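Participant: First the structure, which I've put down as structure tokens, then a few questions once you've had a look.
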Amino acid sequence: MTVLRNNARVLRYAFTSAMADMRATYTWKSWTFAWLARILCQVTLFALIGKLLGSPEQVEYLVVGNSVFIVADIVMMVCATTAWERLAGTLPLLVSCPSTPFVVFAGRSVQWLVDGLACSTVSLLLLAPVLGVSLPLGAALTAVPMIAVISVSVYFFGLTLAGLALRVMKARNLVGRLGSIGLMVLTGVQVPVTFWPVPVQYMSNVLPLTHGLHAVREHLHGAPLPRVLALLSLEVAVGTAWTVIAFFTYRRLVNSGRHDGTIEFGG
Amino acid sequence: MTAVEVRHLRRTYTRRKKEPRTALDDLNLVVETGEVHGLLGPNGAGKTTLCKILSTVLLPTSGTARVDGFDVVEQTDEVRRAVGIVFGGERGLYTRLTARQNLLYWSALYRQPTKVGRKRVEELLERLGLQERADEPVETFSRGMKQRLHLARGLVGTPRVLILDEPTVGMDPVAARDFRALVVELRGEGHSILLTTHDMAEAEELCDRVSLMDGGRLIATEDPKTIGSWLSRFERVRAEGVSPELAARLRDLPGVAAVESRGDQIVVEVEEAGATGEALRLLVEAGVTSLATTRPTLEEVYLQAIGDRGLGVR
Amino acid sequence: MIALFWASVRFQLQVLRRSPDYLMAVVTIPLLAIAFLAIMKNAGRADLAPYAVLGSTLMTVWATALFVSGELIESERTQGTLEGVLAAPVQYQVLVLGRISIVTVLSFFGLAESIVVAWLVFGYLIAVPHLGLLLLTLLCTAFAMVGTASIMAGLFVLARSARIFQNSLSYPFYVLGGTVVPIALLPGWLQPVSKIVFLSWASDLLRDCLAPTPPRDVLFRLTMILVLGAVAFAIGHLLTKKILRRVRQTGSAGYA
């Protein structure tokens, strides 16, 4: 129990620090008029592509897909912010303190979950109608907690990639970008997963977002609850698997760092 | 119980396409509880490697190291609770967070109950003179303030053993003086401290004992005053245009260790206080006017004092 | 001045070799192209493949110029060399332009990349019926892009939180610049706004270069790209002057 309580406290303070980081980056004004506006333009661009294709179904598919993808896109920034620890020189201090690095890192970038969920929600609830996609309000509202589930599973996938980025610092932004564009292409955001050849579909099935987004789409089309929950629990399963992988990634990072002396001190 | 006990510690780094580099070579070192122990040596002596091993950031290749009685390989969790680290320079802080946010965060990471942690953080802010600006982002702090915050961060987990790795590097003289005063206070409170530095004056001021390291080995552990006296004893006289027979007379002077010629220059190595004056008198009487006296570097003194190698070897 | 320009080009090439982030967009462009092409193919609109190819290229060119101009200023700032560079007895603008130019020119290779991806992944052969005009348009586009980047670089020096700007100048301009979707499909009230974005003229003309029918009003449209580019250079120049004046008065380039 004390272990749980300790880790919960670490998470809480890491979260507080993460939010303080966020406040240091954005004011309400700059978040709304610069950041959110940019995000909404991203969804709009894809809605326009739907319009270009001349099909209202395409517009709806792209608006829903890209609105939900926003959360993943933003959450993947965990790669960049995790790498900041190494840039700030705090990595050796984290390793040498009695808390598990995985727990610390898991808490340090939580701001993106909040940010991503907020942007996705605004996009789905407010922007979609403007773009001519009318979603049933009740279903759209209940889709928000589903997006929250997606955000968490993507987060642990992102943390795993961030663990890799900590090893190749030069390519830290690249790792994150490739991760998020990869998700955009493969998980049914722009085209259904079944569009791709079967071997690629295998990959889609173990990536976060795939099943969760599927669940959101079905839910918005009025699918029965058990069906939606089944899809959502697949997303949870994938997310859990990535959590375990992330845990071992950080353990290995620390262990191999202690072996080969790559955890630099001071500076 | 000893604060730090290092036995036959060895650490090598494997390098791509190169011979492995030995950073620590059969190192033995004891830091007694309540002692401020200085670790003095040139860059590359292995000081930081030792600090890394003691703070569980690096594994030894062989040998053992114990901190507060716990083994750094087998009992990492206990070691991590017992030890606090502070290193010099600007890095290691979350610059966009405030000083208080930084400390509260680390207090949670050192597994302190919330109430205890808050109290501890307030104490430290007060004590290190950061109270007034505790809620400002660290990026607005001066170098000296950042370093005090570093120290507060190292103390937040109430460590029994404190490792200070070149904490005053890059500080201005005033900030460094204040920082040293804090270290003196901490010693008074019974913290065991391992302090690495390459500043002899700093070691002399702060440490109960000083260990000299070079090339990954411990050369000696001494009272800092002893080492200070070595420094003032050894001197070196350089002169130009000295005849061979004058050089021979210099060599015969009591207190002169060696006379070497380098091109048209000679170097007289003096190893006793007072002998320098005698050597200079001889040179001036012989009409030599191109003269200079210098003190050897710290590293050269270690070698001269401890080994039987002459100063000219390096 | 020419020598200085080339010196900065060489310098930037050396930087590029050591920091892959600068060319990130060039690495991610195939994936972006795949995403767009997949949408077109899924909707059975193979005829729109050129839109996908050009769209991903123009987005990449824009994103790269944006990233580089922001990164240049930011790294000078963190290294504390910004004031020094600004105060150096050479024209700062020439220096920045040299460094931005080379990255912009390199990023145009994204077009070749996208064409290859369209062929390899989807079997689409992108025909280029008006090659000469395409190259000429690309050249004009590069000119206008560098001019626009000089405005960005100036803004990044002046603005306190450059990074937020940098992030949010991407998608709004992809929409306004008609990168993937022609601005004719934008709501009517937005269209005049996009007309002052050089990218909208460039993307329309580039799309026409890939269409079988010969483009119309070529001269006028090329002139528009060049004029908007020249205006951008002028604004960039004014911004630089303003910055230099501030450095002389306050000794500091930014607010930070």
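Participant: Which residues, counting only those in region A:187-212, are within 10 Å of chain C (Cβ to nearest Cβ) and under 16 Å from A:Val71 (Cβ atoms)?
Facilitator: Listed by number, the residues that qualify are A:Val189, A:Gln190.
Participant: Just one of (1) surrounded by fewer than 16 Cβ atoms within 10 Å (Cβ to Cβ); (2) closer than 18 Å to A:Thr210 by Cβ; (3) touching a residue at least 40 places away in the same chain (Cβ under 8 Å) trips up A:Gly158, so point out which.
Facilitator: With respect to (1) surrounded by fewer than 16 Cβ atoms within 10 Å (Cβ to Cβ); (2) closer than 18 Å to A:Thr210 by Cβ; (3) touching a residue at least 40 places away in the same chain (Cβ under 8 Å), A:Gly158 is out only on (1).
Participant: Still on this model: Under 7 Å by Cβ, and 6 or more places apart or on different chains, what pairs join a residue from region B:237-257 that is not assigned by TED's automatic domain parsing to the domain that holds B:Leu280 with one that is assigned to a helix (DSSP H, G or I) and aromatic (Phe, Trp, Tyr)?
Facilitator: Close Cβ pairs satisfying both conditions: none exist.
Participant: State all residues of region A:215-255 that are more than 10 Å from chain B (Cβ to nearest Cβ), over 20 Å from the mean Cα position of the chain (by Cα) and closer than 20 Å to A:Phe105 by Cα; if no residue qualifies, say none.
Facilitator: Within region A:215-255, A:Arg251, A:Arg252, A:Leu253 meet the criteria.
Yes/no per residue for (1) surrounded by fewer than 16 Cβ atoms within 10 Å (Cβ to Cβ); (2) farther than 19 Å from A:Leu52 by Cα; (3) among the small types (Gly, Ala, Ser); (4) modelled with pLDDT of 95 or more:
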site	(1), (2), (3), (4)
C:Leu135	yes, yes, no, no
C:Met152	no, yes, no, no
C:Ser168	no, yes, yes, no
C:Phe198	no, yes, no, yes
C:Asp217	yes, yes, no, no
C:Leu222	no, yes, no, yes
C:Val227	yes, yes, no, yes
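Participant: Give the residue, chosen from C:Leu176, C:Leu185, C:Leu190, that is modelled with pLDDT of 90 or more and surrounded by 19 or more Cβ atoms within 10 Å (Cβ to Cβ).
Facilitator: On the way: C:Leu185 fails: surrounded by 19 or more Cβ atoms within 10 Å (Cβ to Cβ); C:Leu190 fails: surrounded by 19 or more Cβ atoms within 10 Å (Cβ to Cβ).
The match here is C:Leu176.
Participant: Mind listing just one residue for me: the one in region A:78-94 that is among the hydrophobic types (A, V, I, L, M, F, W, C) and within 19 Å of the chain's Cα centre (by Cα) and, of those, surrounded by the fewest Cβ atoms within 10 Å (Cβ to Cβ)? Let's see the steps before the verdict.
Facilitator: To start, the set of residues in region A:78-94 that are among the hydrophobic types (A, V, I, L, M, F, W, C) comprises A:78-80, A:83-84, A:87-88, A:91, A:93-94.
Cutting the leftovers down to within 19 Å of the chain's Cα centre (by Cα) gives us A:78-80, A:83-84.
On the way: A:Val78: 29, A:Cys79: 28, A:Ala80: 19, A:Ala83: 21, A:Trp84: 15.
Top of the filtered list is A:Trp84.
Participant: In addition: Check off (1) at pLDDT 90 or above; (2) within 14 Å of chain A (Cβ to nearest Cβ) for B:Pro20 and give me the number that stays unchecked.
Facilitator: So the condition that B:Pro20 fails would be (1).
Participant: Which of (1) under 21 Å from the mean Cα position of the chain (by Cα); (2) more than 9 Å from chain A (Cβ to nearest Cβ) does B:Phe87 not meet, given it meets every other one?
Facilitator: For B:Phe87, the failing item is (2).
Participant: Next question. Out of region B:158-209, which residues are of a type in the set (Gly, Ala, Ser) and either surrounded by fewer than 22 Cβ atoms within 10 Å (Cβ to Cβ) or at pLDDT below 90 (or both)?
Facilitator: B:Gly170, B:Ala175, B:Ala176, B:Ala181, B:Gly188, B:Gly190, B:Ala201, B:Ala203, listed by residue number.
Participant: Restricted to region C:26-48, and to residues that are more than 16 Å from A:Leu45 (Cα to Cα) and more than 7 Å from chain A (Cβ to nearest Cβ), which residue is surrounded by the most Cβ atoms within 10 Å (Cβ to Cβ)?
Facilitator: Among those residues, the one meeting the criterion is C:Ile29.
Participant: If you don't mind, there's one more thing I want to ask. Out of all the residues in region B:90-120, which are farther than 11 Å from B:Leu149 by Cβ, modelled with pLDDT of 90 or more and more than 7 Å from chain A (Cβ to nearest Cβ)?
Facilitator: Once the filter is applied, which keeps residues that are farther than 11 Å from B:Leu149 by Cβ, modelled with pLDDT of 90 or more and more than 7 Å from chain A (Cβ to nearest Cβ), region B:90-120 yields B:Ser107, B:Lys115, B:Val116, B:Gly117, B:Arg118, B:Lys119, B:Arg120.
Participant: Still on this structure, I have one more. Out of all the residues in region A:185-213, which are touching a Leu at 6+ places or on another chain (Cβ under 8 Å) and either among the aliphatic types (A, V, I, L, M) or at pLDDT below 95 (or both)? Let's see the steps before the verdict.
Facilitator: Going through region A:185-213, the residues touching a Leu at 6+ places or on another chain (Cβ under 8 Å) turn out to be A:185-190, A:193, A:196, A:200, A:203-204, A:207-212.
Scanning region A:185-213 gives A:Val185, A:Leu186, A:Val189, A:Val193, A:Val200, A:Met203, A:Leu207, A:Leu209.
Participant: Would you please name the residue that is surrounded by the fewest Cβ atoms within 10 Å (Cβ to Cβ), looking only at residues in region B:127-138 that are among the charged types (D, E, K, R) and away from every other protein chain (no Cβ under 12 Å)?
Facilitator: So the first thing to find is which residues in region B:127-138 are among the charged types (D, E, K, R), and the list is B:127, B:132-133, B:135-136.
When the remaining residues are screened for being away from every other protein chain (no Cβ under 12 Å), the result is B:127, B:132-133.
On the way: B:Arg127: 15, B:Glu132: 8, B:Arg133: 18.
Ranking the qualifying residues of region B:127-138, first place goes to B:Glu132.
Participant: Within region A:112-130, is there a residue that is within 14 Å of another protein chain (Cβ to nearest Cβ), surrounded by 20 or more Cβ atoms within 10 Å (Cβ to Cβ), under 15 Å from A:Leu11 (Cα atoms) and in contact with a helix residue (DSSP H, G or I) (Cβ under 9 Å, 6 or more places away or on another chain)?
Facilitator: Yes - at least one qualifying residue is present in region A:112-130.
Participant: What about B:Leu124, is it surrounded by 21 or more Cβ atoms within 10 Å (Cβ to Cβ), assigned to a helix (DSSP H, G or I) and more than 14 Å from chain A (Cβ to nearest Cβ)? Lay out the reasoning, then the answer.
Facilitator: On the way: surrounded by 21 or more Cβ atoms within 10 Å (Cβ to Cβ): yes; assigned to a helix (DSSP H, G or I): yes; more than 14 Å from chain A (Cβ to nearest Cβ): yes.
In short, yes.
Participant: Also: Take the residues in region B:64-84 that are within 8 Å of another protein chain (Cβ to nearest Cβ) and touching a residue at least 40 places away in the same chain (Cβ under 8 Å); name whichever of them is farthest from B:His198 (Cα to Cα). Can you show your working first?
Facilitator: First pass over region B:64-84, keeping only residues within 8 Å of another protein chain (Cβ to nearest Cβ): B:77, B:80-81, B:83.
Filter once more, keeping what is touching a residue at least 40 places away in the same chain (Cβ under 8 Å): B:81, B:83.
Working: B:Arg81: 28, B:Val83: 22 Å.
Checking each candidate, the answer is B:Arg81.
Participant: In addition: Restricting to region A:84-109, give me the number of residues that are out of contact with any strand residue (DSSP E or B) (no Cβ under 7 Å at 6 or more places or on another chain) and not in a loop (DSSP other than H, G, I, E, B). Give the steps one after another, and end with the answer.
Facilitator: Within region A:84-109, the first condition is being out of contact with any strand residue (DSSP E or B) (no Cβ under 7 Å at 6 or more places or on another chain), and the residues that meet it are A:84-92, A:94-95, A:97-109.
Add one more test, that the residue is not in a loop (DSSP other than H, G, I, E, B), and what stays is A:84-88, A:91-92, A:94-95, A:101-108.
Selection size over region A:84-109: 17.
Participant: Looking at region B:272-281, can you tell me whether even one residue there is basic (Lys, Arg) and at pLDDT 75 or above?
Facilitator: Yes, the conditions are met somewhere in region B:272-281.
Participant: So, one more: Looking at A:Trp28, A:Trp35, A:Trp84, which one is of a type in the set (Phe, Trp, Tyr) and within 14 Å of chain B (Cβ to nearest Cβ)? Give the steps one after another, and end with the answer.
Facilitator: On the way: A:Trp28 fails: within 14 Å of chain B (Cβ to nearest Cβ); A:Trp35 fails: within 14 Å of chain B (Cβ to nearest Cβ).
Every option except A:Trp84 fails the conditions.
Participant: Another question, if that's okay. Would you confirm, using the coordinates I've provided, whether A:Val3 is assigned to a helix (DSSP H, G or I), more than 9 Å from every other protein chain (Cβ to nearest Cβ) and either basic (Lys, Arg) or closer than 21 Å to C:Ala184 by Cβ (or both)? Give the steps one after another, and end with the answer.
Facilitator: On the way: assigned to a helix (DSSP H, G or I): yes; more than 9 Å from every other protein chain (Cβ to nearest Cβ): yes; either basic (Lys, Arg) or closer than 21 Å to C:Ala184 by Cβ (or both): no.
Taking the combined requirement at face value, the residue does not satisfy it.
Participant: Please go through (1) within 11 Å of another protein chain (Cβ to nearest Cβ); (2) at pLDDT 75 or above for C:Val53 and return the number of the only condition it doesn't satisfy.
Facilitator: (1)
Participant: Here is a follow-up. Does region B:7-24 hold any residues that are over 17 Å from the mean Cα position of the chain (by Cα) and surrounded by 17 or more Cβ atoms within 10 Å (Cβ to Cβ), and which are they? Write out each step before concluding.
Facilitator: So the first thing to find is which residues in region B:7-24 are over 17 Å from the mean Cα position of the chain (by Cα), and the list is B:7-22.
Within region B:7-24, B:Leu9, B:Arg11, B:Thr12, B:Thr22 qualify.
The values are calculated or read from the model by the stated rules, or taken from the named source; none is laboratory data. Please read these numbers as outputs of a predicted model, since none were measured by experiment. Cβ sites come from the backbone with ideal geometry, for glycine too, and all protein chains shown count toward neighbours.
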